[in-house]
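What follows is one structure encoded as structure tokens, with my remarks underneath.
Bear in mind that the values in this text are calculations on the coordinates, not laboratory data. Since this is a predicted model, take the numbers as computed values, not measurements. Using ideal geometry, Cβ is built from the backbone for each residue, glycine included, and neighbour counts are taken over all protein chains shown.
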């Protein structure tokens, strides 16, 4: 009975935080799989498909809407055009034809394209190109495109290859082409194979993101057709409370510095329109932040509340410098009418300094919630005044203690010491992954000779 009551009280205590902001404690995370074809450079949204002529996979190139009403192509090359170019595929065969299998459904008046160019010591000596139009009616079609040689030697040392779903930068409509078993032949016989010519090898660049939130990492692929070189939004294992918090860092992509961002919803448009429901006229948005500033960046949190789809109020706060550990913040909401909102959206940005974003800036956020009266009893400064805070309880693989400097001892219900160590002034995180699920007693001995104890439950 005591055990059940303790769990209920702990759950009740935890549930008072971030209850009205979806996943406001950033405890829940998901991963979306994104497969990128090996040995090729992708632009747009090339994708893996099991509709293959042979083997397990083929590559699908599909027009997609980036912005506005026009479609842009998906394409693959063996040259990274946006990052200065890379070596072309080594190739020393003696081909007469560019051969591939294709299945396609293209927009009326549009065409897909495949091209190859052969080099010898950096000089262009031959090429092949074809534009594919119309529909293959759901079946694969074999193409054999003659190669035009501009020298009699036919002794290439490398080859350039490009494939794209439309020949125009802004197509009028959708179009898809699936390509498999790309190769070069000489009188029907295969010559030297191109690297990953059959598109069997792929790498999963899956993106991890907080449930109910849209990070820059997902936007980059879903709507821009690209990937960041490194994740910008991550679950961080040293939160203010719980098992994880949100960490947003600036990023470098296509040789440009960019600010990391994350907002409620699942599309880019949700950053500026109703993304989740609320049913009260709250006074503040509160939470906890930690800023590691790698330069002169200014992090920012903005929010809007709505009624029937129209703007009803807003709030904003900016953070600069490097914070001394976790800090409590609150954002007053300004309303434009005496009405109760029905929805809201929240935007988190690691930097507003678009001219020079430092790649070393990281913005940490935890425990976002709407309130009418500020409740910062769990802030670091307040916790030190009240001597201690333990969270979460019940705990999992980590236990967080805010206290004066000292030592801690964890004993099981039989009185045996299970773990012990030193406590730092302020916040200490203890790794409890090796503790089995059980009831424990935590003993604290602070350097000022203050002693106290509390019950803990390992889930």
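Here is how the numbers come out for the structure above:
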quantity: Spin-label pair residue 124/residue 205, simplified geometry with 7 Å Cα→Cβ offset, distance in nm; calculated: 2.8
quantity: Length released on extending from residue 65 to residue 360, taking residue separation times 0.36 nm less the Cα-Cα span; calculated: 102.9 nm
quantity: Sites residue 417 and residue 38, calculated FRET efficiency, Cβ-Cβ separation with R0 56 Å, nearest 0.05; calculated: 0.60
quantity: Per-pair calculated FRET efficiency, R0 = 60 Å: residue 448 and residue 50 via Cβ, rounded to 0.05; calculated: 0.35
quantity: Stretchable slack from residue 145 to residue 409, in nm (0.36 nm times residue separation minus alpha-carbon distance); calculated: 87.5 nm
quantity: Ordering of 234-247, 424-437, 52-65 by packing [mean C-beta count within 10 Å, highest first]; calculated: 234-247, 52-65, 424-437
quantity: In degrees, nearest ten, helix 2-15 long axis to first principal axis of the chain (Cα); calculated: 60
quantity: Correct option for Cα extents along the principal axes in Å [calculated from the coordinates] among (i) 92, 59, 45; (ii) 72, 55, 50; (iii) 57, 56, 46; calculated: (i)
quantity: By average C-beta atoms within 10 angstrom, highest first, the peptides 137-145, 269-277; calculated: 269-277, 137-145
quantity: Packing-based order for 122-134, 358-370, using average beta carbon neighbours within 10 Å, highest first; calculated: 358-370, 122-134
quantity: Residue 236 versus residue 108: modelled label distance in nm, points set 7 Å from Cα along the beta carbon direction; calculated: 5.5
quantity: Spin-label model distance (nm) - residue 94 vs residue 330, 7 Å beyond Cα toward Cβ; calculated: 8.3
quantity: Pairwise FRET efficiency - residue 268 versus residue 431, Cβ, R0 = 51 Å, nearest 0.05; calculated: 0.85
